[in-house]
Amino acid sequence: MRNIFLIGMMGSWKSTVGKKLAQKIKMEFIDTDDAIEELMEMKISEIFYEFGEKKFREMETAFFNEKSKQKGYIFSTGGGMVLDSLNRDCLQNNGVTFFLSATSETLAKRIHNTTKRPLLANEVDLQGRLEKIWQERKKYYMESSKFVIETDKLNPDDVMNMIVDELGHSIENN
Ligand code: S3P
């Protein structure tokens, strides 16, 4: 079974949907942030503060390039995974990628916990910050994904069911 990758901005429900999907279709689930935290025995925010964002991106790329060579996993990826071209290659070639999209307004409403998200820590204008990040990344999300799911008017179960449907269709058509 090929890998399934979920990409998207912070707050796009990648982890919530990924876990549900893994239960539903009985595949193993990997949250790249959780895996990096476990490997490093440090929280994402600690990695950012101690080593800096650049080092975190290197860890993320090293982990993802290695792990996504294996098959049969559902990956929920950190929001910045698409920034590195090596990661974008993996997303395009090592499985099927779903981009979970939402407006910055929706994302800002969904995000309550910024401890895993140092890019948003102490941010007063959450929506404005998310919009800026979105503008920088949108082309990468689009070029890395096979399917786009607009999640604004959905709930996580709806999103999961849409992915299950798409997977069913793409198996039928292959
Ligand atoms: C980041 C998103 C976070 C985490 C880190 C950086 C980003 O993951 O990887 O804080 O650059 O968008 P989530 O998308 O799971 O919040």
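The values are calculated or read from the model by the stated rules, or taken from the named source; none is laboratory data. Every value quoted in this text rests on a predicted model; they were computed, and no experiment measured them. We place every Cβ from the backbone using ideal geometry, glycine too, and count neighbours over all the protein chains shown. Ligands, DNA and RNA are excluded from the accessible area calculation, which covers all protein heavy atoms including side chains. Shrake-Rupley method; radii C 1.70, N 1.55, O 1.52, S 1.80 Å.
Details
- Considered as a group, the residues in the range 11-42 that are among the basic types (Lys, Arg) and under 13 Å from Ile163 (Cα atoms) include one that is least open to solvent (accessible area, probe 1.4 Å), and that residue is Lys14.
- Qualifying positions in the range 19-44 - over 17 Å from Ser68 (Cβ atoms), outside any helix (DSSP H, G or I) and touching a strand residue (DSSP E or B) at 6+ places or on another chain (Cβ under 7 Å): none
- Put simply, of Asp152, Asp125 the only residue that is farther than 18 Å from Phe75 by Cα and open to solvent by less than 70 Å² (accessible area, probe 1.4 Å) is Asp152.
- Residues of the range 66-87 that are open to solvent by 30 Å² or more (accessible area, probe 1.4 Å) and touching a Ser or Thr at 6+ places or on another chain (Cβ under 6 Å): Asp84, Leu86.
- Scope the range 132-149; condition charged (D, E, K, R), assigned to a helix (DSSP H, G or I) and surrounded by fewer than 17 Cβ atoms within 10 Å (Cβ to Cβ); matching residues: Lys132, Glu136, Lys138, Lys139, Glu143
- His169 meets the conditions (1) in a helix (DSSP H, G or I); (2) open to solvent by 80 Å² or more (accessible area, probe 1.4 Å); (3) within 13 Å of the ligand (Cβ to nearest atom) in every case but one. The failed one is (3).
- The range 108-138, residues that are aliphatic (A, V, I, L, M) and near the ligand (Cβ under 10 Å from one of its atoms): Ile111, Leu119, Leu120, Ala121, Leu130, Ile133
- Residue match in the range 43-59 (condition: within 12 Å of the ligand (Cβ to nearest atom), of a type in the set (A, V, I, L, M), under 13 Å from the mean Cα position of the chain (by Cα) and surrounded by fewer than 20 Cβ atoms within 10 Å (Cβ to Cβ)): no
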